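Data first, discussion second: the structure below is written as structure tokens.
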Amino acid sequence: MCGIVGAVAQRDVAPILLEGLRRLEYRGYDSAGVAIVGANGDLQRLRRTGKVSELSEAIDQSPVPGGTGIAHTRWATHGEPNERNAHPHVSGEDIAVVHNGIIENHELLRSFLEQEGYIFASDTDTEVIAHLVSHELKKTDNLIAAVQSAVHQLEGAYGMVVMDRKDPERLVVARSGSPLVIGLGLGENFIASDQLALFPVTRRFMFLEEGDVAEVTRTSVSVFDVDGKSVTRAAKESDIEHDAGDKGQYRHYMLKEIHEQPDAIANTLEGRLGETKLNLDILGKNGIEILNKTKAVQIVACGTSYHAGMVARYWFEELAGIPCRVEIASEFRYRKFFVPDDCLFVTLSQSGETADTLAALQKAKELGYMASLSICNVPGSSMVRESDIALMTRAGAEIGVASTKAFTTQLAALLMLVTAIGRHTGMSEEQEAEIVKALRELPHTISSTLEMSNEIEAVAEDFADKHHSLFLGRGTQYPIAMEGALKLKEISYIHAEAYAAGELKHGPLALIDNDMPVIVVAPNNDLLEKLKSNMEEVRARGGQLFVFADRYARLVAGDGIKVLPVETAPEVVAPILYTVPLQLLSYYVAIIKGTDVDQPRNLAKSVTVE
């Protein structure tokens, strides 16, 4: 993985491929490359480590004209991030391949192909695909037949595009566990792992399904399912409004997206809140019937989305009065589960393509859950298509690798889901009205909280020489502390851990000294006095406290404690609100540390491998 772009056109495609790669830079990568069949029929390939800009400079120096080509940004899985491992990979002078995913049986296939005389030039699993297709082409002169034969020998996940120098009028694509979309033009067609890459050239897209293999020419697209049968995949017009190149007035996408949260949450709520009641008619009659039957919930997610699920567990059990389990998707896939009666299986994902979560959804269907619901930001994504119902967050495209507005809009969507289910499990009309009111006021409250930026930026200076930190929270704020710790470690590279504050005395206190910043989230709720006691345990041992506290929490700054007042909000939405200052803290600390905020090292935005 991480980004794929392909094109078959009558014009030179290098500019299209490069612009597509630029629009996929937010996903994280360590090298980039292109392969194009030139006007003279030669296979031309250029690869560079580092940014797409370096590849662009290489193409400026050595132009690669031609109307059929593929391009890729790589996030290393097999083999070091260097030029010899960068995509596209080739077999001889004819076959070129780009690939997202992991081929699990690549070692066995490599051994077989080496015995057949193929010489490997990289350490990647992808090169196996190029040589395997070349091997299959010895049995047929049909590229799509060779690819279909090859994919039946592959185990693992792949989204791939194959190009043959001898057959330059077509590209063949295959999808299994890793997304691919075909962009439809006039006398030209395109391929990408994300439709955002193709917005400069088309707004019409065809989404491939699991197991599909497709042949793409300038004038046609032919799709075959996993059994090799010809199938039709509907073309859809995208209404996503986004320019991946526009940061506006902001220095980084992450800061822009932090400040977009009032509008993003307002979009999540739009049309879904009445005066005192929730309106989720958008889920349709079938969706409402599913929610009415739900007596238990299983949430599965990864990373930031997992933290959102952990907050929702408190809400489901306290507000809706039904049991809720939350599981990391990569763990859920590999252990046995008891499935309660009438249990709704909920997946959370910004992209809707997260490999572990998507695989967990597929497993859930085998296990017999009552129904599945996806909370997602990308219409048409695999998770949305494979779920019985979907609740879209409408956050807009999120470019920064460290998730911000995707997280808070997931929380808003989850709170609406809790309320919709709670309506049929004993929640009173008064309680629903209070939640609706709190949600309606939330965008304004977050806007006010964003005014803390200067104060938080000043506090971030205290982290300039720090290498470790602790985050503390209680109740629904414990998962928020976990999210705060994740953000800090993701973009500033400071080691950060989060604990339920009551756990301090069971081990973490051993780490406390005057070089260990301890960040605390302290809304004015029933657990505040308990939390104050935990903070005193830190102060007594010389720890340095940074407390984000409700302005009415009666916390006073002093030796060893800095207090940053936060807007007052109803307790039910406090987890969403307190996320925002923690995001700002991580951002400003990263600026001081001089790290790559939008594309932190070793990370990818859309994790489409296991």
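The values are calculated or read from the model by the stated rules, or taken from the named source; none is laboratory data. Everything numeric in this text was worked out from a predicted model, so none of it was measured. Note that each Cβ is placed from the backbone with ideal geometry, even for glycine, and that neighbours are counted across all protein chains shown.
From (1) crowded, with 17+ Cβ neighbours inside 10 Å; (2) modelled with pLDDT under 80; (3) touching a helix residue (DSSP H, G or I) at 6+ places or on another chain (Cβ under 8 Å), pick out the condition that doesn't hold for G502. Going through (1) crowded, with 17+ Cβ neighbours inside 10 Å; (2) modelled with pLDDT under 80; (3) touching a helix residue (DSSP H, G or I) at 6+ places or on another chain (Cβ under 8 Å) one by one, G502 breaks only (1).
Looking across the stretch 535-576, the residues that are within 29 Å of the chain's Cα centre (by Cα), part of a helix (DSSP H, G or I) and either closer than 14 Å to S453 by Cα or of a type in the set (V, I, T) (or both) come down to V572, V573, I576.
Might you check whether a residue that is farther than 30 Å from R203 by Cβ and without any contact (Cβ under 8 Å) to a residue 12 or more places away in the chain occurs anywhere in the stretch 93-106?
Of the stretch 93-106, the ones farther than 30 Å from R203 by Cβ are 93-95, 102-106.
Next, from what is left, pick out any that are without any contact (Cβ under 8 Å) to a residue 12 or more places away in the chain: none.
Within the stretch 93-106, not a single residue is farther than 30 Å from R203 by Cβ and without any contact (Cβ under 8 Å) to a residue 12 or more places away in the chain.
Which residues, counting only those in the stretch 113-161, are hydroxyl-bearing (S, T, Y), surrounded by fewer than 23 Cβ atoms within 10 Å (Cβ to Cβ), outside any helix (DSSP H, G or I) and in contact with a Gly (Cβ under 8 Å, 6 or more places away or on another chain)? Explain how you work it out, then say what you get.
To start, the set of residues in the stretch 113-161 that are hydroxyl-bearing (S, T, Y) comprises 118, 122, 124, 126, 134, 140, 149, 158.
From what's left, surrounded by fewer than 23 Cβ atoms within 10 Å (Cβ to Cβ): 118, 122, 134, 140, 149.
Still in the running and outside any helix (DSSP H, G or I): 118, 122, 140.
Result: S122, single match.
Name the residues in the stretch 384-408 that are assigned to a helix (DSSP H, G or I) and modelled with pLDDT of 90 or more, would you?
Of all residues in the stretch 384-408, those assigned to a helix (DSSP H, G or I) come to 384-386, 405-408.
E386, K405, A406, F407, T408, listed by residue number.
Of the set (1) within 30 Å of G287 (Cα to Cα); (2) crowded, with 19+ Cβ neighbours inside 10 Å; (3) of a type in the set (K, R), all apply to K487 but (1). Annotation note: Cβ proximity below 7 Å between a residue of the stretch 126-147 that is in contact (Cβ under 8 Å) with a residue 60 or more places away in the chain and a residue that is assigned to a helix (DSSP H, G or I) and β-branched (V, I, T) (sequence gap 6+ or interchain) occurs for V147/V133. Looking across the stretch 14-55 at every residue that is small (G, A, S), part of a helix (DSSP H, G or I) and more than 22 Å from the chain's Cα centre (by Cα), the one that is nearest to P88 (Cα to Cα) is identified as A14.
Note on the stretch 27-45: among residues that are surrounded by 24 or more Cβ atoms within 10 Å (Cβ to Cβ) and farther than 23 Å from A9 by Cβ, the one that is modelled with the lowest pLDDT is R27. Give the residue that is surrounded by the most Cβ atoms within 10 Å (Cβ to Cβ), with candidates limited to residues of the stretch 559-581 that are in contact with a Lys or Arg (Cβ under 9 Å, 6 or more places away or on another chain) and closer than 18 Å to G543 by Cβ. Top of the filtered list is I561. Taking each residue of the stretch 325-336 that is in a loop (DSSP other than H, G, I, E, B) and looking for partners that are at pLDDT below 95 with beta-carbon atoms closer than 8 Å, six or more apart or interchain, yields R333/D356; R333/A359; R333/A360; R333/K363.
Being touching a Pro at 6+ places or on another chain (Cβ under 8 Å), of a type in the set (G, A, S) and part of a helix (DSSP H, G or I): is that true of S469 here? Against the criterion (touching a Pro at 6+ places or on another chain (Cβ under 8 Å), of a type in the set (G, A, S) and part of a helix (DSSP H, G or I)), S469 does not qualify. Looking only at the stretch 435-448, residues that are surrounded by 23 or more Cβ atoms within 10 Å (Cβ to Cβ) and under 27 Å from the mean Cα position of the chain (by Cα) come to 3 in all. Number of residues in the stretch 252-298 that are assigned to a loop (DSSP other than H, G, I, E, B) and in contact (Cβ under 8 Å) with a residue 24 or more places away in the chain equals 11.
Listed by first and then second residue, the pairs linking a residue in the stretch 531-560 that is farther than 20 Å from A574 by Cα and in contact (Cβ under 8 Å) with a residue 12 or more places away in the chain to a residue that is of a type in the set (D, E, K, R) and in a loop (DSSP other than H, G, I, E, B), with Cβ atoms under 6 Å apart and 6 or more places separating them unless they lie on different chains, are G542/D513. Exactly one residue out of R11, R48 is surrounded by fewer than 22 Cβ atoms within 10 Å (Cβ to Cβ), free of Cβ contacts under 8 Å to residues at least 40 places away in the same chain and of a type outside the set (S, T, Y), and it is R48. Of all residues in the stretch 376-399, those being over 14 Å from the mean Cα position of the chain (by Cα), of a type outside the set (A, V, I, L, M, F, W, C) and on the phi < 0 side of the Ramachandran plot number 4.
Annotation: of all residues in the stretch 147-193 being among the aliphatic types (A, V, I, L, M) and within 15 Å of A9 (Cα to Cα), the one that is farthest from the chain's Cα centre (by Cα) is L186.
Residue count for the stretch 456-466, restricted to those that are surrounded by 14 or more Cβ atoms within 10 Å (Cβ to Cβ) and not in a loop (DSSP other than H, G, I, E, B): 6. Checking each residue in the stretch 251-271 for being within 17 Å of the chain's Cα centre (by Cα) and among the aliphatic types (A, V, I, L, M) picks out M254, I258, A264.
Against the list (1) surrounded by fewer than 20 Cβ atoms within 10 Å (Cβ to Cβ); (2) more than 19 Å from I129 (Cβ to Cβ); (3) modelled with pLDDT under 90, the condition D227 fails is (3).
Residue by residue, here is whether (1) within 24 Å of R423 (Cβ to Cβ); (2) aromatic (F, W, Y); (3) touching a helix residue (DSSP H, G or I) at 6+ places or on another chain (Cβ under 9 Å) holds:
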position: I322; (1), (2), (3): yes, no, yes
position: E327; (1), (2), (3): no, no, yes
position: F332; (1), (2), (3): no, yes, yes
position: D341; (1), (2), (3): yes, no, no
position: L344; (1), (2), (3): yes, no, yes
position: T347; (1), (2), (3): yes, no, yes
position: Q350; (1), (2), (3): no, no, yes
position: E353; (1), (2), (3): no, no, yes
position: L358; (1), (2), (3): no, no, yes
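Taken across the stretch 434-447, residues that are more than 30 Å from I322 (Cβ to Cβ) and in a helix (DSSP H, G or I) do occur, with at least one present.
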